[in-house]
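The structure appears right after this line, and notes come after that.
The values are calculated or read from the model by the stated rules, or taken from the named source; none is laboratory data. Only a predicted model underlies this, so the values are computations on that prediction, with no experimental measurement involved. Note that we place each Cβ from the backbone using ideal geometry, even for glycine, and neighbour counts take in every protein chain shown.
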Amino acid sequence: MRDFLFEIYTEEMPARLLNGVTLQLKELAEKNLSESTLKHGEIKAFSTPRRLVLFVKNVEEKEEDRVLEIKGPSHKIAYDEQGNATLVLKKFLEANNLKEDEIKIKEIKDSKYVFGYKRIEGRNAKDVLREVVLSSLKSLTFPRGMRWNNSNVVFLRPIRNFLSLFGDEIVNVEYAGIKSSNKSFGFYFDSPFEFNCESPVDYFTKVRERYIVLDYKERENIIRKGVEKISASVGGKVKFEEEFLEEVVNLTEFPTPFLCELKLEKFDIPDCIIESVIKDHLKSFPIYSKDFKKVLPYFIGIRNGTSDFIENVKKGYEKVATARLYDGAFFFEEDKKERLETRVPKLKDIVFISGLGTLFDKTERLVRIADYLGELLRLDPNEVALLKRACFLSKADITTQVVKEFPELQGTMGGIYAKIQGEREEVANAISEQYLPKFSGDELPITKLGKYLSIIDKLDTLVLSIGKGIEFTSSKDPFGLRRSALGIVQIAFTLDENVFPISDLINFILSLNAFNKENSSIQSEVLSLIRERANYLIRSNNISYDIANAVTTLPIDLMPTFLERAKTLEKYSKDEKFKEIVTVHKRIRNILQKATVESEFISENLLIEEAEKELYTVTNESEKLLNEMLKSRDYDAVIHLLYLYVPSVNKFFDKVLVMDKDERIRNNRLAQLSKVLKLFENFAMFSEVVIEKY
C-alpha cells in the first residue's frame, strides 16, 4: 500500500469560496473512488489561497478483480423449443465476448432471463487514480470561474502546476494544457522557488519548511491564539465572527498576527466606521474594551507570511487605516449637512434590482406594507406611524458619501444620521437593524420595529425576485435570497407574537406588482423557500429531521412558535406515550384520506356509543384547554394534555365502528375524527414523526 497525493497549484483563489471548493474536491474523490474496487484508507483535502490538495492514505497497488453481470435476452427468445440457442442469444454472446458456459438463467418477477458473467481484472492503481483525479477536476463547479489558455477549461483561478504522486511514482495527469510532475512551489513571498518531492510524506515536510500551513484548522488556531494573546496585552478583546474569520484564514498560507496602533483622538467618528476600515478594508481584527462597548485605538493585522520586517508591514497597515479614517471623518461631516428625508427623492436614480424598479419604488412599497402590517396586527396607530417613518427613511443613507465609500455600513449609518437629526429612537433603531442578520452568526434585530422592518424588507425582496424569475441555488445566489429567507425565519423565531401574517403579507406584496408568473406560483415558491430555511434552522438546533418536518408543515403564520414547538417534540419524542400520539394521529389521517367528510358538523343526537359520546365531551374540553396552552406557549402542558387525551381516542377505535352502514352515523363519526385530527394538528403534524427510529 502507498499514499496518493495530488496538488493543484493556482493563482490566488477567492477566500470566501475556498472551503466550499475544498469540500467538493474531497466529496468528488470519495464518490469516484467508490465506483472502483480500489481499496484505500482515509481521504483528506486541504487548501490555501494558492493550492488545493487531495490526499488518500493506504491505497492498494491494484483494484480487486470483479465479476461483471450482464443482463441478456429473456429465456423465451434465447432458446427454441428444443432448447437450442437462438440467433438472439448467439448475437448477445458475440457482442459481449462470452461463451455459453459463462451464462446462467435467473428468474426476475416470474420471468426468466439470460445473464452473462465476465471476470474483470482489476486495473493498476495509477490508472484508477488518474481517472479519479480527471473526473473530479471536470466535475468541480464554481459560482464564478476563469478561462486563461487555449484549453478553454474553466477553473476558480488559472492553474499553474499539478503535483501527482503515488508513493514515489508520478501519476501522469494532463488537464487544461498542464502535465503533472513531482514538482511544487513554496510560499509565494518568502520561498517562491520550485522543489521536487519524493513522496507524499516528503511533500508535507517540504511545504511546511517553505512556510505553508496546509490545514485550515491549524491556520485558524494560529490566528485565534495570536489574536487573543495580542488583544489581552493591551487590555482588550476581539470578536470572532465565523464568516469573517474564515475569510481571513483563507487569505493566508502562513498567518502571522501583529499589533497596530491608531491615534483615534484625531477622529470624531462613529465606531462603526473604524470597524469597517479595520475589518472590511484591511481584513484585520478591531480590539474592543472588555465589555465590547467601545473600539480601542488598536487593531490586529494578519500578515500572509513570516514575521520578517513586520515593523514595515505594521507601518503600512497603520498608514492605510489612518488615510481611510480621514476620508471617513470628512464624509461623515459632509453627510450630516443634509437631512435623510431630503435624500429620499434621490433614490429614484438608484436601481433596486434590474427590472424591479428603483429604491424609491421599494421605499414606497415598504411604507404601504408597514401600514398593512399594522392593520393585520392591530398595532397602536402611533406605533404604525413610527414604523412607516422608519420605512420611508430606511434606504436614504445609500445616497450618503460614507455609505458610498463603505457600502457595508448602509442601515447602520442611516440609524446614526436619524438620531443626530432628531428622529425618534424607535425609528433610528429600526433603520439601524433593518439589514440584520448580515451573515451567519450575526446579531438579530432586538427592537420590535426593527424586527418588523427587517422582515418586510426581506420579504419584499424575496417576492419580487422570485416573481421576476431570478434563479438561485445554494452555490449561486447573487442577491442573497436564501440568506434573506433565513433572516426572516431567524427573526420570526424571536417574535413575541404567536402568529405573524407571512402569507397575507406575501399576497399584499403581490397585489402591488405585476408579474408574468401566476401569483399563486410565486407565493408557493416563496413559502417553499421560507419553509426549507425554517426546517434547516430547526435541524441546526440538534433537532431530528422528522421533528422539523412535523413543525414546518404547519401553517406558515405560526412560524414564531416553530422552534419552541420542535424543541418540545424532541424532548418528549422517546416517551412511549408520545409514540401513542403519533400512532393515533397517523391512524386518523389514514382513515380520513380514504373517506369523504361530508360535513364538519357533529350531531350529538347521532352519538350512539358511550365511547363516541365520551370522545365528543373530552375533545371539546381539551380543545379549550389546548387553545389556552398554545396562547401562553406552555408546550409541555400541551404534550401532557395529549397524553391524557389519547386513551379516549383509542377507546373510540376499540368500541366504535367508524364506517357504519348508516350513512348519517358514518358521516357524523368521520366529522368527529376530523375534529380530533385538527386538535392534534393545532400543535404539530405528528404523523411526520418516525417512531421506528426510537
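Scanning for something touching a residue at least 24 places away in the same chain (Cβ under 8 Å), touching a Gly at 6+ places or on another chain (Cβ under 6 Å) and either in the same structural domain as residue 128 (by the TED database) or within 20 Å of residue 178 (Cβ to Cβ) (or both), does region 6-23 turn up at least one residue?
Within region 6-23, not a single residue is touching a residue at least 24 places away in the same chain (Cβ under 8 Å), touching a Gly at 6+ places or on another chain (Cβ under 6 Å) and either in the same structural domain as residue 128 (by the TED database) or within 20 Å of residue 178 (Cβ to Cβ) (or both).
Could you check residue 667 against (1) of a type in the set (S, T, N, Q); (2) in a helix (DSSP H, G or I); (3) surrounded by fewer than 16 Cβ atoms within 10 Å (Cβ to Cβ) and say which number it fails?
Going through (1) of a type in the set (S, T, N, Q); (2) in a helix (DSSP H, G or I); (3) surrounded by fewer than 16 Cβ atoms within 10 Å (Cβ to Cβ) one by one, residue 667 breaks only (3).
Might you check whether a residue that is over 18 Å from residue 461 (Cβ atoms), modelled with pLDDT of 95 or more, surrounded by 15 or more Cβ atoms within 10 Å (Cβ to Cβ) and under 28 Å from the mean Cα position of the chain (by Cα) occurs anywhere in region 407-427?
Yes: one or more hits.
Is there a residue in region 110-125 that is part of a helix (DSSP H, G or I) and in contact with a Lys or Arg (Cβ under 8 Å, 6 or more places away or on another chain)?
Applying the first criterion (part of a helix (DSSP H, G or I)) to region 110-125 yields 125.
Subsequent filtering for residues that are in contact with a Lys or Arg (Cβ under 8 Å, 6 or more places away or on another chain) retains 125.
Yes; the residues of region 110-125 include at least one that is part of a helix (DSSP H, G or I) and in contact with a Lys or Arg (Cβ under 8 Å, 6 or more places away or on another chain).
Would you mind stating whether residue 38 is aliphatic (A, V, I, L, M), in a loop (DSSP other than H, G, I, E, B) and within 19 Å of residue 171 (Cα to Cα)?
Details: aliphatic (A, V, I, L, M): yes; in a loop (DSSP other than H, G, I, E, B): yes; within 19 Å of residue 171 (Cα to Cα): yes.
Considered against the rule, which asks whether it is aliphatic (A, V, I, L, M), in a loop (DSSP other than H, G, I, E, B) and within 19 Å of residue 171 (Cα to Cα), residue 38 comes out as yes.
Across region 433-449, what is the total count of residues that are crowded, with 24+ Cβ neighbours inside 10 Å and polar (S, T, N, Q)? Let's see the steps before the verdict.
Here is the first cut: in region 433-449, the residues crowded, with 24+ Cβ neighbours inside 10 Å are 433-434, 445, 449.
Next cut, polar (S, T, N, Q) only: 434.
Final tally of qualifying residues: 1.
Quick one: how many residues across region 270-287 are surrounded by fewer than 22 Cβ atoms within 10 Å (Cβ to Cβ), part of a helix (DSSP H, G or I) and under 28 Å from the mean Cα position of the chain (by Cα)?
Counting residues in region 270-287 that are surrounded by fewer than 22 Cβ atoms within 10 Å (Cβ to Cβ), part of a helix (DSSP H, G or I) and under 28 Å from the mean Cα position of the chain (by Cα) gives 5.
Given the options 467, 450, 487, name the one that is assigned to a helix (DSSP H, G or I) and under 20 Å from residue 355 (Cα atoms). Please lay out each step first, then the result.
Values: 450 fails: under 20 Å from residue 355 (Cα atoms); 487 fails: under 20 Å from residue 355 (Cα atoms).
Being assigned to a helix (DSSP H, G or I) and under 20 Å from residue 355 (Cα atoms) holds for just one of 467, 450, 487, which is 467.
Please state which one of 93, 87 is among the hydrophobic types (A, V, I, L, M, F, W, C) and either within 24 Å of residue 5 (Cβ to Cβ) or exposed (fewer than 12 other Cβ atoms within 10 Å of the Cβ) (or both).
Values: 93 fails: either within 24 Å of residue 5 (Cβ to Cβ) or exposed (fewer than 12 other Cβ atoms within 10 Å of the Cβ) (or both).
Answer to the selection: 87.
For region 169-220, which strands (runs of 3 or more DSSP E) that fit wholly inside it have 2 or more residues that are surrounded by 13 or more Cβ atoms within 10 Å (Cβ to Cβ)? Spell out the reasoning first.
Numbers: elements: 178-181, 183-185, 194-196.
The strands (runs of 3 or more DSSP E) meeting that bar are 178-181, 183-185.
Taking interchain pairs and intrachain pairs at least six residues apart, which have beta carbon atoms under 7 angstrom, with the first residue in region 138-165 and of a type in the set (Phe, Trp, Tyr) and the second part of a loop (DSSP other than H, G, I, E, B)?
142/156; 148/158; 155/145; 155/176; 162/173
Considering only region 625-644, I want to know if a residue exists there that is in contact (Cβ under 8 Å) with a residue 40 or more places away in the chain and farther than 17 Å from residue 681 by Cα. Working first, answer last.
Step one: of region 625-644, the residues in contact (Cβ under 8 Å) with a residue 40 or more places away in the chain are 626-627, 630-631, 633, 635-636, 638-639, 642-643.
So of that shortlist, the ones also farther than 17 Å from residue 681 by Cα come out as none.
Taking every residue of region 625-644 in turn, none turns out to be in contact (Cβ under 8 Å) with a residue 40 or more places away in the chain and farther than 17 Å from residue 681 by Cα.
From 188, 216, which residue is under 34 Å from the mean Cα position of the chain (by Cα) and modelled with pLDDT under 95?
So the residue among 188, 216 that is under 34 Å from the mean Cα position of the chain (by Cα) and modelled with pLDDT under 95 is 188.
Quick check on region 1-35: of everything there that is surrounded by fewer than 19 Cβ atoms within 10 Å (Cβ to Cβ) and in a loop (DSSP other than H, G, I, E, B), which residue is farthest from the chain's Cα centre (by Cα)?
The residue in question is 1.
Being of a type in the set (Gly, Ala, Ser) and part of a helix (DSSP H, G or I), is that true of even one residue in region 90-98?
First, pick out the residues of region 90-98 that are of a type in the set (Gly, Ala, Ser): 95.
With the extra rule that they be part of a helix (DSSP H, G or I), the set shrinks to 95.
Checking region 90-98: at least one residue is of a type in the set (Gly, Ala, Ser) and part of a helix (DSSP H, G or I).
So residue 399 ticks every box in (1) touching a residue at least 60 places away in the same chain (Cβ under 8 Å); (2) under 30 Å from residue 281 (Cα atoms); (3) buried (at least 19 other Cβ atoms within 10 Å of the Cβ) but one. Which box is left unticked?
(1)
How about region 522-541: which of its residues are of a type in the set (Ser, Thr, Tyr) and more than 21 Å from residue 369 (Cα to Cα)? Before the answer, list the steps.
So the first thing to find is which residues in region 522-541 are of a type in the set (Ser, Thr, Tyr), and the list is 524, 528, 536, 540.
If the condition is that a residue be of a type in the set (Ser, Thr, Tyr) and more than 21 Å from residue 369 (Cα to Cα), then 528, 536, 540 are the ones that fit.
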